[in-house]
Amino acid sequence: QVQLVESGGGLVQAGGSLRLSCAASGRTISTYGMGWFRQAPGKEQEFVAAISWSGGRTYNAAVVKGRFTISRDNAKNTVSLQMNSLKPEDTAVYYCAARNGDPSGSYYSYDYWGQGTQVTVSS
């Protein structure tokens, strides 16, 4: 079992930055593909970014490309999401997820999920 805990969310003005962190416990995530998803009120889960087990491959949703950067530190068993140039439409609960395999943009392919952290961007 893998337990994931997100942190770093909060309230920020448009144009600002936040850095989300996801701390894993229970077992090493060094062989897991990791992803970030988000869910805004009344909307479905949305893929944000993903990273391969080595960190050598990253994927970003088109709506965040050039603004968000996913990274990982396998020695610390953590994954991060650096979010710059935030927009009000980025407001959502952000979730970290892990899957035993290559990273994926599909919500259904992940095995473990954190509880989420709220990000609110004011205009």
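The values are calculated or read from the model by the stated rules, or taken from the named source; none is laboratory data. Computed from a prediction, not measured in an experiment: that's the story for all the values here. In this analysis, Cβ positions are derived from the backbone assuming ideal geometry, glycine residues included, and neighbour counts consider all displayed protein chains. Ligands, DNA and RNA are excluded from the accessible area calculation, which covers all protein heavy atoms including side chains. Shrake-Rupley method; radii C 1.70, N 1.55, O 1.52, S 1.80 Å.
Inside the range 64-79, can you point out the residues that are in contact with a strand residue (DSSP E or B) (Cβ under 7 Å, 6 or more places away or on another chain), farther than 16 Å from PHE47 by Cβ and either among the hydrophobic types (A, V, I, L, M, F, W, C) or not in a loop (DSSP other than H, G, I, E, B) (or both)? Those that are in contact with a strand residue (DSSP E or B) (Cβ under 7 Å, 6 or more places away or on another chain), farther than 16 Å from PHE47 by Cβ and either among the hydrophobic types (A, V, I, L, M, F, W, C) or not in a loop (DSSP other than H, G, I, E, B) (or both): SER71, ARG72, THR78.
Among the residues of the range 6-29, not a single one is open to solvent by 60 Å² or more (accessible area, probe 1.4 Å), free of Cβ contacts under 8 Å to residues at least 24 places away in the same chain and not in a loop (DSSP other than H, G, I, E, B). Scanning for something at pLDDT below 95 and either of a type in the set (Val, Ile, Thr) or under 13 Å from the mean Cα position of the chain (by Cα) (or both), does the range 16-29 turn up at least one residue? Among the residues of the range 16-29, at least one is at pLDDT below 95 and either of a type in the set (Val, Ile, Thr) or under 13 Å from the mean Cα position of the chain (by Cα) (or both), which makes the answer yes. Evaluation of ARG38 against the conditions (1) in a strand (DSSP E or B); (2) open to solvent by 40 Å² or more (accessible area, probe 1.4 Å); (3) within 17 Å of GLY105 (Cβ to Cβ) shows that the sole unmet condition is (2). Kindly indicate whether any position in the range 69-84 is surrounded by 15 or more Cβ atoms within 10 Å (Cβ to Cβ), farther than 20 Å from GLN115 by Cα and under 14 Å from the mean Cα position of the chain (by Cα). Yes: the range 69-84 contains one or more residues that are surrounded by 15 or more Cβ atoms within 10 Å (Cβ to Cβ), farther than 20 Å from GLN115 by Cα and under 14 Å from the mean Cα position of the chain (by Cα). Scanning the range 41-59 for residues that are assigned to a strand (DSSP E or B), surrounded by fewer than 19 Cβ atoms within 10 Å (Cβ to Cβ) and not hydroxyl-bearing (Ser, Thr, Tyr) turns up just one, GLU46. For the subset of the range 105-123 comprising residues that are in contact with a Phe, Trp or Tyr (Cβ under 7 Å, 6 or more places away or on another chain) and modelled with pLDDT under 95, which member is most open to solvent (accessible area, probe 1.4 Å)? Step by step, filter the range 105-123, then rank; the result is TYR107.
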